[in-house]
Amino acid sequence: MKSLLMLNGEMLLKEKKTGVDYFHLIVTKTLISSNKDYKIQIGAFDETGELEKLLEKDENMWLKPYIIFTHKKKLLRTFMPIESFFGEFDIYFCDGFVPYLSHRAKRICIVHDLIAKTYPENYSFVTRKYLDLYFKRLKKADLVFAVSEATKTDLVKYYKLNSDKVKVCYGGSGFEPSTKHTILDNNMIDLNKRYLFYIGDMRVNKNLIKTVSAFLDFCEDKHITDYYFYLAGNKNGDYETVSSLVSKSKHGNQVKFLGYISDNDKDLLYQNCDGVLFTSVYEGFGMPIVEGMKYYKPVITSNCSSMKEVGEGAALLVDPHHVETIKAGISKAYYKLIKVNRDAYNQKLDRFDLKYVALVINEEIHNLIAE
């Protein structure tokens, strides 16, 4: 029986998971439960020994039969063969850096975005150099998964990858609506008010300067004082600029920066919002679009990059480069002029279901094994 090592153990054990972490969690669990043709194990770099302790948590117990820890420094993988950390496998499924090999094996890699290439200002010099090396090494992979056609196009454009070697598996969200959550963890949130919801960080590509400007302009033009914009996520990137913009507006108290929020509050914010406002200028996929659809909420997103691909035919698409077009979308949400097409949403949700994504990945793994 062939063997596969998934190099994503740290992501699966992370306590505060991102959307990408949940992607790996659900895809890995589905591959394990649905596959009987090859043996799967999971590798984790655990330099301090702290990750191994997390294995005792109830939600991580399922990992015990599969996980292999190494206490060697992760940085060493940039020039040492992967076998020196985890032993020999037939296939290595990489969460990032395509590993060096000392024996004949296949390598698979998944790419969620190329923000480091399209918006290098989001990263430090050292991080940019590392990520550039990482992407250049994709040519060594036998198979590369991209989470959208837009990401595949960028991979071929910037790194000259063979298009046939790049397969689109699509992304998705592991976050599901719940009926259990009733009490908020963040006292800045008032669910009795009408509001739009944004979730994500504040890097340049997120376009929050124009998005927040559009919201403030709309409130100013229409003399609206009872409408709010809740932004959840890391206060990085353009936060200082956006915060300054808000502080200078007489409608600034209608924009709330929530920072990192619990899954409990995330669920409640989606449940009660007027709509999801996600007008980024570049994404690898666009998880908040899918999450908004899961709650059957109006989704206002961009007509470019992967967002057009994910939202077209279901979400309201606007030009993110112009404040006026974003403002027009906000106006439609406020006046309840956006009609949710549940059938269109359901078609999107079926395609971007992570269990389905895992089956697509599993089929490509089988094809690779058969070569």
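Can you pull out every residue in the stretch 1-60 that is farther than 14 Å from Gly174 by Cβ, touching a Lys or Arg at 6+ places or on another chain (Cβ under 7 Å) and among the polar types (S, T, N, Q)?
Correct list: Ser3 only.
Output the residues belonging to the stretch 326-355 that are part of a helix (DSSP H, G or I) and free of Cβ contacts under 8 Å to residues at least 40 places away in the same chain.
Once the filter is applied, which keeps residues that are part of a helix (DSSP H, G or I) and free of Cβ contacts under 8 Å to residues at least 40 places away in the same chain, the stretch 326-355 yields Ala328, Lys332, Asp343, Ala344, Asn346, Gln347, Asp350.
Residue by residue, here is whether (1) touching a Gly at 6+ places or on another chain (Cβ under 9 Å); (2) surrounded by fewer than 17 Cβ atoms within 10 Å (Cβ to Cβ); (3) of a type in the set (Ser, Thr, Tyr); (4) touching a residue at least 12 places away in the same chain (Cβ under 8 Å) holds:
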residue	(1), (2), (3), (4)
Ser178	no, yes, yes, yes
Lys206	yes, no, no, yes
Thr211	no, no, yes, yes
Cys219	no, no, no, yes
Asn234	yes, yes, no, yes
Tyr260	yes, yes, yes, yes
Cys273	yes, no, no, yes
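Quick test of your reading of the structure: Leu76 fulfils all but one of (1) more than 26 Å from the chain's Cα centre (by Cα); (2) surrounded by fewer than 12 Cβ atoms within 10 Å (Cβ to Cβ). Name the failing condition by number.
(2)
Just checking, how many residues over the stretch 311-354 are touching a strand residue (DSSP E or B) at 6+ places or on another chain (Cβ under 8 Å) and either of a type outside the set (Asp, Glu) or within 20 Å of Tyr170 (Cα to Cα) (or both)?
Residues meeting the conditions: 16.
Phe86 - would you say it is in contact with a Ser or Thr (Cβ under 8 Å, 6 or more places away or on another chain), hydrophobic (A, V, I, L, M, F, W, C) and either surrounded by fewer than 17 Cβ atoms within 10 Å (Cβ to Cβ) or not assigned by TED's automatic domain parsing to the domain that holds Gly284 (or both)?
In short, yes.
Are there any strands (runs of 3 or more DSSP E) wholly within the stretch 162-240 with 2 or more residues that are farther than 28 Å from Val323 by Cβ, and if so which?
Once the strands (runs of 3 or more DSSP E) in the stretch 162-240 are filtered for at least 2 residues that are farther than 28 Å from Val323 by Cβ, what remains is 166-168.
Would it be correct to say that Asp95 is under 14 Å from Leu5 (Cα atoms) and either in the same structural domain as Thr28 (by TED's automatic domain parsing) or touching a helix residue (DSSP H, G or I) at 6+ places or on another chain (Cβ under 7 Å) (or both)?
Criteria met by Asp95.
The values are calculated or read from the model by the stated rules, or taken from the named source; none is laboratory data. Remember, predicted model here, so these are calculated numbers, not experimental data. Note that each Cβ is placed from the backbone with ideal geometry, even for glycine, and that neighbours are counted across all protein chains shown.
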